[in-house]
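Single-structure report; data block below.
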Amino acid sequence: MTTEALNIRERMRLQAADRDLFEQAKAYAYEYMDHVCDRSVFPTEEAISRLDLFDEPLSEAPCDPGEILRSLHEHGSPATVAQTGGRYFGFVNGGAAPAALAVKWLADVWDQNCALYVISPVVSRLEAPCERWLNDLLGLPSGTAAGFVSGTSTATMCGLAAGRNELLRRLGWDVKVKGLFGAPRLRVVLGAQAHATVFKALALLGFGREGIEEVPVDDQGRMDVPRMPDLDGCTLVVAQAGNVNSGAFDPLDEICDRANRAGAWVHIDGAFGLWSAASGSRRFLIRGMEKADSWSVDAHKTLNAPYDCGIILCKDREALIGAMQATGSYIQYSEERDGMLYTPEMSRRARAVELWATLKSLGRTGVEELVDGLCEHAAQCAEQLRAEEFHILNNVVFNQVLVACDTAEETQGTLTGIQKSGECWCGGALWGGRQVIRISVCSWATTAEDIDCLVATFVKARAAARTNDS
Ligand SMILES: *Cc1c(COP(=O)(O)O)cnc(C)c1O
């Protein structure tokens, strides 16, 4: 019988039983892994041009899965960014811990929805230790609640929602009943270099840009605490552990002390920097952070869990649940952990499985070594670039390095050359009005030789930019 004669259910039954299909997926994945460290970091123009192939109308008839897989590997794999290799330094991303990757393959087959314990007991029982381990590893107040979300953007929104609702509750206003219109006015105080996603979260929660009180920052992007306005019990304070460009940390100890005295709510955006709490040698950067009320952090950045894995941590469990809880006659809560109590989503993928595997495979000392390694590579990078007479514009305290050449044109030309080289990839930004190249060391896979390669690429690209200029 030809497959054309089968209905879709019969076809899918055959596909599910087709071990060759899944073996082929595995073979393609191995092929990818074998070459990811030595291929062009950014896809070539040729690889990108072949993506036009995907720009086709939806087929009327079903398509063979083997063919779909082959096409994706042949045309899709070469057009990926080699983010899991050791020479990607763009934005602030992260590598993928091998243990977590393997576990993710298995968990993909489970395809669990972790909204409720009764939907997936196993994921509930993996989320619970993740929460405890994170409290322990990061030195958070015991009982701090964790919600597992897509990333720090969402985590920040959750923390600020909990804070907003709790401050209003203390003022006698139940925002879930009465809404925001007509509510007592809350204030928002943050550093002038708060991350774009903080402003987005605030806007989603009803705080427009005009009402936000921005605190001036120093040359590293840190909040200048003496210039902070007086705080009160109507204030949400958003501090930062790790400036997205410089990697600098706000003076969290002082900020939390002031906020706590005033009865304000402090949220810390620690997307990549919160992990400094797990390192004996970097913990000083984040001193006092345990005095905040909520924290957002990504496991898919510094910790190298695979995408996507963000975490909201909230000291007041009831405040987070109060902001996130949904009710309905068919929603069956249990005595066990019900994940959707802590997140905006109901259905969610089981990202805690990978988080659990990442933490377990590294252990406490492994996390510390990982964090320290990223910082040491960033320091190596700064030192070698300085020796080549590049300008390093930030204090390299964590994993971020900001680089400039003698002129803005030369910096821009060098950046373009780096991005086209395929040897490595960096992004750009403006820092204090000046064009810079950003280096973010984020992956466990990066070696000292990768940093040598990065520096050599900088030198070569600058030389080419100078030749082009003259
Ligand atoms: C990356 C980042 C974010 C956003 O995190 P996502 O995981 O991309 O949502 C927020 N704040 C800082 C400081 C970041 O580095």
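The values are calculated or read from the model by the stated rules, or taken from the named source; none is laboratory data. These numbers were taken from a predicted model, which means no experiment stands behind them. Every residue, glycine among them, receives a Cβ derived from its backbone with ideal geometry; neighbour counts consider all protein chains shown. These accessible areas exclude ligands, DNA and RNA; they are computed on the full protein's heavy atoms, side chains included. Shrake-Rupley method; radii C 1.70, N 1.55, O 1.52, S 1.80 Å.
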Confirm whether T467 is outside any loop (DSSP other than H, G, I, E, B), open to solvent by 10 Å² or more (accessible area, probe 1.4 Å), β-branched (V, I, T) and free of Cβ contacts under 8 Å to residues at least 24 places away in the same chain.
yes
Across the stretch 389-445, what is the number of residues that are in a helix (DSSP H, G or I), open to solvent by 10 Å² or more (accessible area, probe 1.4 Å) and among the hydroxyl-bearing types (S, T, Y)?
2
Filter the stretch 325-346 for residues that are surrounded by fewer than 24 Cβ atoms within 10 Å (Cβ to Cβ) and closer than 30 Å to A262 by Cβ; the one that is farthest from the ligand (Cβ to nearest atom) is Q325
For the stretch 313-321, check the following and say yes or no: at least one residue is crowded, with 21+ Cβ neighbours inside 10 Å, within 16 Å of the ligand (Cβ to nearest atom) and not assigned by TED's automatic domain parsing to the domain that holds W444.
yes
Among residues of the stretch 265-299, those that are open to solvent by less than 10 Å² (accessible area, probe 1.4 Å), more than 10 Å from the ligand (Cβ to nearest atom) and either in a loop (DSSP other than H, G, I, E, B) or not hydrophobic (A, V, I, L, M, F, W, C) (or both), counted
6
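For (1) touching a residue at least 24 places away in the same chain (Cβ under 8 Å); (2) assigned by TED's automatic domain parsing to the domain that holds T302; (3) in a helix (DSSP H, G or I); (4) open to solvent by 50 Å² or more (accessible area, probe 1.4 Å), each residue gets a yes or a no:
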position	(1), (2), (3), (4)
V188	yes, yes, no, no
A203	no, yes, yes, yes
E210	no, yes, yes, yes
P226	no, yes, yes, yes
D232	yes, yes, no, yes
L236	yes, yes, no, no
I255	yes, yes, yes, no
R258	yes, yes, yes, yes
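For A357, indicate whether it is among the small types (G, A, S), open to solvent by less than 60 Å² (accessible area, probe 1.4 Å), within 16 Å of the ligand (Cβ to nearest atom) and touching a residue at least 12 places away in the same chain (Cβ under 8 Å). Steps first, answer last, please.
Details: among the small types (G, A, S): yes; open to solvent by less than 60 Å² (accessible area, probe 1.4 Å): yes; within 16 Å of the ligand (Cβ to nearest atom): no; touching a residue at least 12 places away in the same chain (Cβ under 8 Å): yes.
Answer is no for this residue.
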Since G182 meets every condition but one in (1) more than 16 Å from the ligand (Cβ to nearest atom); (2) touching a strand residue (DSSP E or B) at 6+ places or on another chain (Cβ under 8 Å); (3) part of a loop (DSSP other than H, G, I, E, B); (4) open to solvent by 50 Å² or more (accessible area, probe 1.4 Å), which condition does it not meet?
(2)
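Regarding Q240, is this residue surrounded by fewer than 24 Cβ atoms within 10 Å (Cβ to Cβ) and within 16 Å of the ligand (Cβ to nearest atom)?
For Q240, the condition - surrounded by fewer than 24 Cβ atoms within 10 Å (Cβ to Cβ) and within 16 Å of the ligand (Cβ to nearest atom) - is not met.
Name the one entry in D308, D338, D298 that is among the acidic types (D, E) and farther than 27 Å from D450 by Cβ. Reasoning before the result, please.
Values: D308 fails: farther than 27 Å from D450 by Cβ; D298 fails: farther than 27 Å from D450 by Cβ.
The unique qualifying residue is D338.
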Under the condition of being open to solvent by 30 Å² or more (accessible area, probe 1.4 Å) and in a helix (DSSP H, G or I), which residue from the stretch 74-101 is farthest from P306 (Cα to Cα)?
E74
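Would it be correct to say that L205 is more than 30 Å from I439 (Cβ to Cβ), more than 16 Å from the ligand (Cβ to nearest atom) and of a type in the set (A, V, I, L, M)?
Numbers: more than 30 Å from I439 (Cβ to Cβ): yes; more than 16 Å from the ligand (Cβ to nearest atom): no; of a type in the set (A, V, I, L, M): yes.
No: the conditions fail for L205.
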What's the total number of residues in the stretch 129-154 that are crowded, with 19+ Cβ neighbours inside 10 Å, part of a loop (DSSP other than H, G, I, E, B) and more than 16 Å from the ligand (Cβ to nearest atom)?
2
Restricting to the stretch 213-224, and then to whatever is aliphatic (A, V, I, L, M) and open to solvent by less than 20 Å² (accessible area, probe 1.4 Å), can you tell me which residue is farthest from the chain's Cα centre (by Cα)?
V215
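Conditions tested, residue by residue: (1) part of a helix (DSSP H, G or I); (2) over 19 Å from C256 (Cα atoms); (3) open to solvent by less than 40 Å² (accessible area, probe 1.4 Å); (4) of a type in the set (A, V, I, L, M).
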site: N113; (1), (2), (3), (4): no, yes, no, no
site: E127; (1), (2), (3), (4): yes, yes, yes, no
site: M157; (1), (2), (3), (4): yes, yes, no, yes
site: G163; (1), (2), (3), (4): yes, no, yes, no
Residue ID - farthest from the chain's Cα centre (by Cα), chosen from residues in the stretch 1-58 that are modelled with pLDDT of 95 or more and hydroxyl-bearing (S, T, Y):
S49
